[in-house]
């Protein structure tokens with residue numbers, strides 16, 4: 001049986017190769033683009049690994065906020081916020097949106113997802 005790596009494993013391997021071997025082997029004017037490519041490969045790895053669960057969790061959080069399962073919870077929440085007629089909903093929405101943003105940041109910019117604000 002042949003080993004078939006996942007997309008996340010392949011992207012992680014590319015990121016490591018670029019970071020650990022390629023960036024120091026290329027001329028200085030190419031090091032920044034190689035670092036960028038390594039960061040993008042790492043982002044793809046995190047998206048492949050965390051993205052599906054993150055999307056499902058976001059959908060569940062939004063449906064919970066709305067109190068019902070709807071076809072497009074993002075649009076429904078946006079409409080409720082735009083209407084600005086329910087301050088209690090807006091307060092609950094803030095906490096939900098912060099949690100969703102933390103999940104997105106865990107993929108896009110790990111380490112920037114620990115904000116503790118009002």
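Here the spin labels are modelled as points 7 Å beyond Cα on the Cα-Cβ line, and at residue 94 and residue 29 they lie 5.1 nm apart. Taking the fewest neighbouring Cβ atoms within 10 Å as the starting point, the ordered list for 94, 115 is 115, 94. For the stretch 7-108, the spherically averaged projection of the C-alpha convex hull amounts to 8.3 nm².
May I ask for the angle, rounded to the nearest 10°, between helix 73-83 and the longest principal axis of the chain, with both axes built from Cα atoms and the value confined to 0 to 90°? Compared with the principal axis, the helix lies near 50 degrees.
Taking 7 Å steps out from each Cα toward its Cβ at residue 2 and residue 55 produces label points 2.8 nm apart.
The length gained on full extension between residue 106 and residue 43, counted as 0.36 nm times the residue separation minus their Cα-Cα distance, comes to 21.7 nm.
Note on the stretch 61-111 and the stretch 1-34: Cα centroid distance 36 Å, given to the nearest whole angstrom. Relative to the longest principal axis of the C-alpha atoms of the chain, give the angle of the C-alpha long axis of helix 28-66, reported between 0 and 90° and rounded to the nearest 10°. Helix 28-66 sits at roughly 30 degrees to that axis.
What is the angle, in °, between the Cα long axis of helix 87-108 and the longest principal axis of the Cα atoms in the chain? Nearest 10 is fine, range 0 to 90. Value to nearest ten degrees: 10. Give the calculated FRET efficiency between residue 78 and residue 114 to the nearest 0.05, with a Förster radius of 25 Å applied to their Cβ-Cβ distance. Rounded to the nearest 0.05, the efficiency is 0.45.
Laboratory data are not the source of any read-out in this text; all were calculated from the coordinates shown. Nothing here was measured: the structure is a model prediction, and the numbers come from that model. In this analysis, Cβ positions are derived from the backbone assuming ideal geometry, glycine residues included, and neighbour counts consider all displayed protein chains.
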